[in-house]
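The values are calculated or read from the model by the stated rules, or taken from the named source; none is laboratory data. For clarity, every value in this text was computed on a predicted model and none was experimentally measured. Positions of Cβ are backbone-derived with ideal geometry, glycine not excepted, and every protein chain shown enters the neighbour counts. Heads up: the accessible areas ignore ligands, DNA and RNA and are worked out on the full protein's heavy atoms, side chains in. Shrake-Rupley method; radii C 1.70, N 1.55, O 1.52, S 1.80 Å.
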Amino acid sequence: MSFSLGPRLDFRQTQSLVMTPQLRQAIKLLQSSNMEVVAFVEEELERNPLLERDEGERERPGEAGEEPGIATAGPGGEAAADLALLMPTGAEAPLDLHDTQNLYEASEAPQGPRGGGSFEEDERGIDDLAVERPRSLREELAEQARLSFHTPQERLIAGQLIALLDPAGRLSLPDAAIAGALGCAEADVAAVRARMQRFEPVGLFARDLAECLAAQLAEKNRLDPAMQALLQNLELLARRDMPALLRICGVDMADLAEMVAEIRRLDPKPGASFDGNPAPTVVPDVLMRRGPDGGWLLELNPETLPRVLVNRGFHAAAHTTLRSREDRAFLAERLQSANWLVKSLEQRANTILKVSAEIVRRQDGFFRHGIAHLRPLILRDVAEEVEMHESTVSRVTANKYIATPRGTFELKFFFTTAIAGTTGETFSAEAIRHRIRDMIGAERSEEILSDDAIVERLRSEGVDIARRTVAKYREALRIPSSVQRKREKAVPAF
């Protein structure tokens with residue numbers, strides 16, 4: 001037997017799926033919200049001279065001339081609401097990213113004037129463009145320090161304390177460490193810190209929660225010996241150990257309830273409440289309303305839906321004037337990119353509407369009767385009905401919100417696991433969590449429900465659920481145990 005060692009050429013034929021840049025971008029567009037897509041389109045408008053905004057008048061639901069598509073009937077013969085899908089003009093088949101066919105062929109788009117305004121058309125003055133930036137917490141504290149301290153040493157200590165504040169408004173270093181770093185006496189740091197605890201907002205520069213609350217109570221002249229004893233035993237308050245607190249503070253139950261209520265009105269993190277950014281406003285991507293026939297009308301939010309066109313007139317004019325091969329290649333690449341963006345946006349809109357419509361159809365009971373009628377739903381159920389891959393449905397429902405008559409919800413909210421029933425029926429886990437919260441909210445002080453009692457009640461209603469599942473749902477709802485709730489009921493103000 002002989003072996004041949006040396007280089008040689010072999011031919012092999014293999015198949016592989018390659019993610020092109022356009023396909024990756026299509027996936028990103030599909031799982032992005034309308035606001036994120038608008039930001040992406042704005043960047044493309046700046047880069048691509050062949051793209052322009054569609055400034056045409058948008059038709060509202062019921063004003064469009066075309067007949068909307070109607071989807072009816074529910075699974076298992078159960079009646080469901082009719083769904084009128086208000087599709088964007090020119091929308092094609094829904095985009096299934098699991099399909100590897102070429103999705104980016106050139107598409108025709110209406111021609112129109114170049115979008116965008118000029119500076120001459122902007123009638124706003126310079127005063128309208130200037131927006132005053134709110135001052136930060138450290139800037140506010142520095143201003144108060146300049147007015148309160150006059151010696152260079154005091155101002156140096158105050159500046160160091162301001163720099164060491166954490167986001168909650170606390171100090172983690174002891175006075176001795178700060179004094180050692182500044183080369184001054186520890187008593188000087190303590191004196192400056194005590195004065196700065198009265199700065200607005202009151203309670204900053206504290207070492208711990210007890211000191212923070214004590215500063216706020218002292219400002220209100222409510223830091224008496226009983227309150228000081230309560231602050232020194234906050235761990236007992238967290239455990240709802242009222243008998244021990246009554247003994248330590250030397251007050252009766254009514255006084256203790258009043259003290260606890262007063263502590264609850266204080267701010268445990270004054271720094272965070274001052275500097276915290278406001279919660280971002282949720283802008284719905286899909287709008288839902290009741291139709292004149294009792295069904296549901298769905299449309300993409302026209303206020304956030306990006307609409308762009310390909311300026312083919314500009315392309316034709318530029319193509320006749322360009323001479324170099326590089327310029328013609330650049331123009332061709334820009335045209336292909338513009339066509340791809342227009343087609344992708346149309347397919348994205350169609351796909352979102354189709355998936356949203358199937359979710360609404362399956363959760364019709366929730367929209368009509370409330371959370372107790374939320375049905376179990378998984379991605380596979382929707383994917384099979386709309387004939388898409390589960391990954392596509394997952395991307396469609398990511399970061400998307402729908403405005404409904406019952407409020408604004410993330411599309412993923414409607415996907416919940418199923419809990420078996422005693423008679424073969426299934427229940428939504430979210431509906432069961434809501435039922436547990438209602439049971440505990442309606443319990444009386446003399447009849448606190450244990451987890452076992454909740455299990456028995458749910459089983460009497462046809463829900464086959466384990467005790468550990470009830471405990472898990474209760475903890476997820478941040479509801480304390482029956483022992484802790486019994487202690488809370490003993491102090492009404494707590």
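Given I454, I419, I448, which one is in contact with a strand residue (DSSP E or B) (Cβ under 7 Å, 6 or more places away or on another chain) and either at positive phi or at pLDDT 85 or above (or both)?
Working: I454 fails: in contact with a strand residue (DSSP E or B) (Cβ under 7 Å, 6 or more places away or on another chain); I448 fails: in contact with a strand residue (DSSP E or B) (Cβ under 7 Å, 6 or more places away or on another chain).
Just a single option satisfies the conditions, and that option is I419.
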Subject >> Leading residue by the ranking (modelled with the highest pLDDT) among those in the stretch 1-58 that are out of contact with any helix residue (DSSP H, G or I) (no Cβ under 8 Å at 6 or more places or on another chain) and small (G, A, S) >> reply: A39
**OP:** Might you let me know whether the stretch 406-413 holds any residue that is surrounded by fewer than 19 Cβ atoms within 10 Å (Cβ to Cβ), closer than 30 Å to L458 by Cβ and in contact (Cβ under 8 Å) with a residue 40 or more places away in the chain?
**Re:** yes
Subject >> R222 vs. criteria among the basic types (K, R) and assigned to a helix (DSSP H, G or I) >> reply: no
**OP:** Name the one entry in A206, A210 that is in contact with a strand residue (DSSP E or B) (Cβ under 8 Å, 6 or more places away or on another chain) and either closer than 30 Å to L246 by Cβ or open to solvent by less than 50 Å² (accessible area, probe 1.4 Å) (or both).
**Re:** A206
Original post:
Hey, among R290, R207, R222, which residue is under 33 Å from the mean Cα position of the chain (by Cα) and either in contact (Cβ under 8 Å) with a residue 40 or more places away in the chain or within 24 Å of S481 (Cα to Cα) (or both)?
Top reply: R290
Subject >> Inter-residue pairs, beta-carbon under 6 Å, first under 16 Å from A194 (Cα atoms) and in the stretch 168-184, second open to solvent by less than 30 Å² (accessible area, probe 1.4 Å), 6+ apart >> reply: G169/L204; G169/P270; G169/G271; R170/A206; L171/F205; D175/V189; I178/V189; A179/V189
Original post:
When you scan the stretch 369-487 for strands (runs of 3 or more DSSP E) that lie fully inside it, which ones turn up with 1 or more residues that are closer than 30 Å to A357 by Cα and over 23 Å from the mean Cα position of the chain (by Cα)?
Top reply: 418-420, 426-428
**OP:** Please work out if L245 is out of contact with any Phe, Trp or Tyr (no Cβ under 8 Å at 6 or more places or on another chain), modelled with pLDDT of 90 or more and open to solvent by less than 20 Å² (accessible area, probe 1.4 Å).
**Re:** no
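Scanning for something part of a loop (DSSP other than H, G, I, E, B) and at pLDDT 90 or above, does the stretch 348-365 turn up at least one residue?
Here is the first cut: in the stretch 348-365, the residues part of a loop (DSSP other than H, G, I, E, B) are 363.
From the residues that got through so far, the ones that are at pLDDT 90 or above too are 363.
For the stretch 348-365, residues part of a loop (DSSP other than H, G, I, E, B) and at pLDDT 90 or above: present.
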Subject >> Given (1) open to solvent by 30 Å² or more (accessible area, probe 1.4 Å); (2) at pLDDT 90 or above, index of the condition G424 fails >> reply: (2)
Subject >> Filter result (over 30 Å from S32 (Cα atoms) and open to solvent by less than 20 Å² (accessible area, probe 1.4 Å)) within the stretch 298-331 >> reply: A318
**OP:** Mind counting the residues in the stretch 379-392 that are under 19 Å from A418 (Cα atoms) and either open to solvent by less than 20 Å² (accessible area, probe 1.4 Å) or of a type in the set (S, T, N, Q) (or both)?
**Re:** 2
